[in-house]
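Structure record follows, encoded as structure tokens.
Just so it is clear, none of the values below were taken in a lab; they were calculated from the coordinates. Quick caveat, the model's predicted, so the values are computed rather than measured. Cβ coordinates were reconstructed from backbone atoms using ideal geometry, including for glycine residues, and neighbour counts include every protein chain displayed.
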Amino acid sequence: MLDYEFTSQIAAVRSTFDDIRAVVDVDALRADIARLSEEAGAPDLWDDPEAAQKVTSALSHKQADLGRVEAVERRLDDLDVLVELANEMEDADAEQEARDELAALESVVSQLEVQTLLDGEYDERSAVVTIRSGAGGDDATDFAEMLMRMYLRWAERNKYSVKVMDISYAEGAGIKSATFEVDAPYAYGTLSVEAGTHRLARISPFGSADKRQTSFAAVEVIPVMEEAVEVDIPEGDLRVDVFRSSGPGGQSVNTTDSAVRLTHIPTGIVVSMQNEKSQIQNRAAAMRVLQTRLLLLKKEEEAAKKKELAGVITASWGDQMRSYFLYGQQLVKDLRTGYEVGNPASVFDGDLDGLISAGIRWRKRKTED
């Protein structure tokens, strides 16, 4: 027999879900889907491929949002039926199934609740993630590649679409840098808590002596902007280099010099793109990313100036945000939230939801202080 404590847990989950449903505004979501579906069904939709892509992408994202909410609602209703069956029939198997389903629903609802905290200006957008190796030689470039795989596996677990835009391979192990786009609702709001300096401590597989090696990698996350018209870049501020796309070992990917590197001279910001087939496409993609970085840099400078005028100067929360220990006590620790995972292998295999959720909740508390 399922006791009062169990039914109280169900009631608590349903109460949290009702709050989420109100924040998501299911009726407004359905209205948006109906409007976008009508636009997507227009016979001349693909006369403007760029506009069509925006419509179909927005429709897909909103359908996914609604689908997640409706799936939880169905599962909660099914759980009520399962509990009733278990109590009436005194069925031990049904009782265990109900307990397992409640545990699963608690996790799903917790993730949905975290999403309701993503209310920043760009949080609902897709994300462009750039990883750069730092100090540490081969260990650092290897670590950068480990981080790239970690995020790609996380995206795969969540069934998010990913497009690798650029990779610069190191001469030894791993990568110098990589840029990829995660196309999913709230990808930027979710992954933005991963931005900052990541530190790896382990016994180096590249050294001759069994000594601990510390290496670093930086993670940058920016939103995908539909248009970045707010940033005007004079031609004199831009250096454009064209080169041949390459893979590991210098293997040629494209037979023409189609890869593009843009350097914004005043800030030193560099953006490379080699995923597209043509130089024009790569330049356009690189320009969008560069404009977005400059727009965000402008906003950061304005925010920093406001803090300075208010007499509050604090270090960025993203610096030294996480440590990965692969020797002695196996541990991944977020230095902002204190959240720890005792299984680094699972984290590097994409099990990031706990760390990300803790980061989002921590950030929300910081903004409310």
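For the chain, the spread of Cα coordinates along the three principal axes comes to 75, 65, 52 Å, biggest extent given first.
Applying the Karplus relation 6.51 cos²θ - 1.76 cosθ + 1.60 with θ = phi - 60° to region 173-182 yields 3J(HN,Hα) values of 9, x, 10, 7, 7, 7, 10, 8, 9, 10 Hz, where x marks Gly and Pro. About its Cα centre, the dipole of the chain is roughly 2220 debye, where the only charges are +1 on Lys and Arg Cβ and -1 on Asp and Glu Cβ. When only DSSP loop residues count, what GluC sites (Glu not before Pro) in region 119-225 have their Cβ near at most 11 other Cβ atoms within 10 Å? Here the GluC sites (Glu not before Pro) that fit, given the DSSP loop and packing criteria, are E121, E171. Highest mobility in the GNM of the chain, judged by mean-square fluctuation with C-alpha springs under 10 Å and restricted to R199, R322, R239, is found for R239.
Taking a temperature of 25 °C and a viscosity of 0.890 mPa s, what whole-number D in µm²/s does Stokes-Einstein yield for region 112-188 with Rh from Kirkwood over alpha carbon pairs? Please list the in-between numbers first.
On the way: Rh = 13.4 Å.
After rounding, the answer is 183 µm²/s.
For region 131-143, backbone phi angles converted through the Karplus equation (6.51, -1.76, 1.60; θ = phi - 60°) give residue-by-residue couplings of 10, 10, 6, x, 5, x, x, 4, 4, 5, 5, 5, 4 Hz, Gly and Pro being listed as x. Across S126, S107, S357, mean-square fluctuation computed from a Gaussian network of the chain (C-alpha pairs under 10 Å connected) peaks at S107. In region 6-82, the convex hull through the Cα atoms has an average projected area of 6.0 nm², a quarter of its surface area. With 25 Å as the limit on Cα-Cα distance, the pairs of K54/K277; K299/K364; K62/K366; K277/K299; K62/K299; K333/K364 that go past it are K62/K366; K277/K299; K62/K299. Sequence-ordered 3J(HN,Hα) estimates for region 24-40 from the Karplus curve with 6.51, -1.76 and 1.60 and θ = phi - 60° stand at 5, 6, 4, 4, 5, 5, 5, 5, 4, 5, 4, 5, 5, 5, 5, 5, 5 Hz, glycine and proline given as x.
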